[in-house]
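These notes concern the structure reproduced below.
The values are calculated or read from the model by the stated rules, or taken from the named source; none is laboratory data. Predicted model, so just to flag it, every value in this text is computed and none were measured. For neighbour counting, all protein chains shown are included, and Cβ atoms are generated from backbone atoms with ideal geometry for every residue, glycine included.
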Amino acid sequence: MHFKVGVLGATGIVGQKFVQMLEKHPWFKVTALAASEKRVGKKYGEEVNWLVSSDIPKYAVDMEMLPLDPKYFDVDIVFSALPADVAKEVEPEFAKAGIIVASNASAFRMDDDVPLIIPEVNPDHLKLIEVQKKNRGWEGCIVTNPNCTTIMLVISLKPLLELGLKYVKIASMQALSGAGYPGVPSLAIYDNVIPFIENEEKKVETETLKLLGRFDGMQIKMAPISVSASCHRVPVLDGHTEAVWVGFDREISVEEVSKAFESLKPLPLPTSPEKVIIVRKEKDRPQPRLDRDSGNGMSVVVGRIRKSDRNEIKYIVLGHNTVRGAAGASILNAELMVKEGLIKK
Ligand SMILES: NC(=O)c1ccc[n+]([C@@H]2O[C@H](COP(=O)([O-])OP(=O)(O)OC[C@H]3O[C@@H](n4cnc5c(N)ncnc54)[C@H](OP(=O)(O)O)[C@@H]3O)[C@@H](O)[C@H]2O)c1
């Protein structure tokens, strides 16, 4: 079984991760690459400023870059790594043309009829695709994955919901690659921390409620918890670290929370890690350099689980922002759609 796939925004930080992660994919074969207009007709290998820690995969080097128009794309799925404003215009054109769009962009994440998915957290929200197709009259559809800070947090919160989770407070320490290329100027971030990331806190606070919400057959009912985020850029290349405080409706122990983290099961999909959440016991883990590549970048790593009040626990969660937080997240979503029979040959 092979599906033909395209990558939109293929020259960017996330686009490059797609090109790398899809090289040996058992189900998906990259047959189309696109970025901005200036790349059209040129070879990917000559246009991309390759930043990923290995060579450009051979299959992509001589691929001719296409215009950002579905009529040039003979594919079943496109993975979108476009900026949100471009995605807003372009992704619907692909969906109208009958193509499944697995998007990293924020443009449609919070739309009522657009699934925002983490396969291990809310796979049932994929049923929104039917609502979307009915509403919009599209042959294809748009399915999104969360912001790169939200996804690590929500994976860690999912198993805590059943323990009586009431509120969440989070302070992020976000890697430079999260800002795309060229991103934050080196003179602004070297020897520094920037305590502001445009729109980031709102994304974390709203997307979390949708992801942990309940699908009632027509729409998502937001999760009845409160989330407050403070987001910061730090001079780390890859890997977002988050300090999290979680409050419950009863007294809670470190052991219960730790056991809950380890109970989240991986799905039988090609890009799934063996363990969704890895709990580190050392007093100084997780750390970006040591832990971001756990499970090929698809595991989320939790540590320093400790009590801060009778009903409150605090911990650190870390994940690879361009893998679990971006390209890997979209690929896993597309794999889930194949498994659920939503993408057919
Ligand atoms: N970086 C992360 O960790 C991360 C995580 C989750 C989600 N995201 C989201 O993923 C998307 C891509 O992020 P990124 O970090 O990869 O950004 P990036 O490095 O800036 O890459 C942007 C890509 O979009 C293309 N592009 C820019 N303007 C365009 C236009 N007007 N028309 C067509 N293509 C255009 C660029 O092509 P050219 O090279 O030709 O300019 C490039 O391929 C964004 O929506 C971002 O919010 C990023």
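Only a single item in (1) surrounded by fewer than 19 Cβ atoms within 10 Å (Cβ to Cβ); (2) at pLDDT 95 or above is not met by residue 211, and it is number (1). Restricted to segment 280-298, and to residues that are buried (at least 20 other Cβ atoms within 10 Å of the Cβ) and in contact with an Asp or Glu (Cβ under 8 Å, 6 or more places away or on another chain), which residue is farthest from residue 331 (Cα to Cα)? Looking at residues that are buried (at least 20 other Cβ atoms within 10 Å of the Cβ) and in contact with an Asp or Glu (Cβ under 8 Å, 6 or more places away or on another chain), I get 288.
Where strands (runs of 3 or more DSSP E) sit wholly within segment 237-333, those with at least 1 residues that are in contact (Cβ under 8 Å) with a residue 60 or more places away in the chain and touching a Gly at 6+ places or on another chain (Cβ under 8 Å) occupy 240-248, 300-309, 312-319. Looking at residue 312, is it crowded, with 23+ Cβ neighbours inside 10 Å and either closer than 23 Å to residue 76 by Cα or in contact with a strand residue (DSSP E or B) (Cβ under 7 Å, 6 or more places away or on another chain) (or both)? In short, no. Residues in segment 3-15 that are more than 8 Å from the ligand (Cβ to nearest atom) and among the hydrophobic types (A, V, I, L, M, F, W, C): 3, 5, 7.
Which residue is surrounded by the most Cβ atoms within 10 Å (Cβ to Cβ), if the candidates are limited to segment 171-203 and must be more than 12 Å from the ligand (Cβ to nearest atom) and under 17 Å from residue 106 (Cα atoms)? Only one residue fits best here, namely 201. Taking into account only those residues within segment 16-49 that are surrounded by 15 or more Cβ atoms within 10 Å (Cβ to Cβ), of a type in the set (D, E, K, R) and within 11 Å of the ligand (Cβ to nearest atom), which is farthest from residue 77 (Cα to Cα)? Step by step, filter segment 16-49, then rank; the result is 47.
Considering segment 50-87, the residues that are within 8 Å of the ligand (Cβ to nearest atom) and part of a loop (DSSP other than H, G, I, E, B) include one that is surrounded by the most Cβ atoms within 10 Å (Cβ to Cβ), namely 81. Can you give me the number of residues within segment 1-49 that are within 18 Å of the chain's Cα centre (by Cα), without any contact (Cβ under 8 Å) to a residue 40 or more places away in the chain and in a strand (DSSP E or B)? Within segment 1-49, residues that are within 18 Å of the chain's Cα centre (by Cα), without any contact (Cβ under 8 Å) to a residue 40 or more places away in the chain and in a strand (DSSP E or B) number 0.
For residue 108, the criteria (1) assigned to a loop (DSSP other than H, G, I, E, B); (2) touching a Gly at 6+ places or on another chain (Cβ under 7 Å); (3) surrounded by 18 or more Cβ atoms within 10 Å (Cβ to Cβ) hold in every case but one, which is (2). For segment 88-108, residues that are more than 17 Å from residue 35 (Cα to Cα), touching a Leu at 6+ places or on another chain (Cβ under 8 Å) and near the ligand (Cβ under 10 Å from one of its atoms) total 0. Screening residue 330 on (1) within 21 Å of residue 241 (Cβ to Cβ); (2) surrounded by 23 or more Cβ atoms within 10 Å (Cβ to Cβ) shows it passes everything except condition (1). Screening residue 132 on (1) buried (at least 19 other Cβ atoms within 10 Å of the Cβ); (2) in a helix (DSSP H, G or I); (3) in the same structural domain as residue 258 (by TED's automatic domain parsing) shows it passes everything except condition (3). Residue pairs whose Cβ atoms lie under 6 Å apart, separated by 6 or more positions or on different chains, with the first residue in segment 78-92 and of a type outside the set (Lys, Arg) and the second in a helix (DSSP H, G or I), are 78/94; 79/18; 79/330; 80/87; 80/91; 81/14; 81/15. Number of residues in segment 270-279 that are more than 20 Å from residue 244 (Cβ to Cβ) and surrounded by fewer than 19 Cβ atoms within 10 Å (Cβ to Cβ) equals 2.
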